[in-house]
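The structure appears right after this line, and notes come after that.
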Amino acid sequence: VQLQAFGGGLVQAGGSLRLSCALSGRTFSSYAMGWFRQAPGKEREFVTAFSWGGDRTYYADSVKGRFTISRDNADNTVYLQMNSLKPEDTAVYYCAARTKFEGLYSLGRTYDYWGQGTLVTVSS
């Protein structure tokens, strides 16, 4: 299984970006998918995730109402639409996939596969 994330870049505060993450190697519908991020000097943190089966979504409080996760099963791709970006959203964003049904979706250690990360920089 391989994950490839892309779509990062430099944006001004208040702007928008859409990240994409393509999964290859297995059936997309067999995984729960999530996004995490790691800011410089900080630990990795949960951003958002789809449940296994894709019927539920979860968001960190810091991004609720601004970020939206979506997926296209036909293209094996998960998206992260980021609106109203803030400088504190600056981080490397990682997509991740897990086969586990149980366990908090916000815990990075429950994920089996990780993409290479894409840098998002929000200027003030």
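The values are calculated or read from the model by the stated rules, or taken from the named source; none is laboratory data. Treat the numbers as computed from the prediction; the structure is a model and nothing was measured. For neighbour counting, all protein chains shown are included, and Cβ atoms are generated from backbone atoms with ideal geometry for every residue, glycine included. We work out accessible area using only protein heavy atoms, side chains counted, and drop any ligands, DNA or RNA first. Shrake-Rupley method; radii C 1.70, N 1.55, O 1.52, S 1.80 Å.
Taking 67, 101 and ordering them by how much accessible surface each has at a 1.4 Å probe, largest first, produces 101, 67. Using Cα-Cα distances under 8 Å and only pairs 6 or more residues apart, what relative contact order does the chain have, in percent? RCO, the chain: 36 percent.
In what sequence, largest accessible area first, do 46, 6, 28 appear using a 1.4 Å probe?
Listed by decreasing accessible area, they come as 6, 46, 28.
Taking every alpha-carbon pair under 8 Å whose residues sit at least 6 apart, the range 45-108 reaches a relative contact order of 35 percent. Here the range 2-54 yields Rg over Rh of 1.02, to two decimals, using C-alpha coordinates and the Kirkwood radius.
Surface listing: 93, 58 arranged by accessible area from highest to lowest gives 58, 93, probe 1.4 Å. As a calculated quantity, the FRET efficiency between residue 39 and residue 2 at R0 = 30 Å, using C-beta atoms, amounts to about 0.75.
Solvent exposure of residue 55, expressed as accessible area, is near 120 Å², computed with a probe of 1.4 Å over the protein chains only.
Cross-link reach is defined here as a Cα-Cα straight distance under 21 Å, omitting same-chain residues fewer than 8 places apart; for residue 86 the lysines meeting it are 42, 64. With a Förster radius of 35 Å applied to the beta-carbon distance between residue 56 and residue 10, the computed FRET efficiency rounds to 0.60. With a cut-off of 10 Å between beta carbons, the residues surrounding residue 120 carry a summed charge of 0, where Lys and Arg count +1 and Asp and Glu -1. Here the average projected area of the convex hull drawn through the C-alpha atoms of the range 12-99 stands at 5.8 nm².
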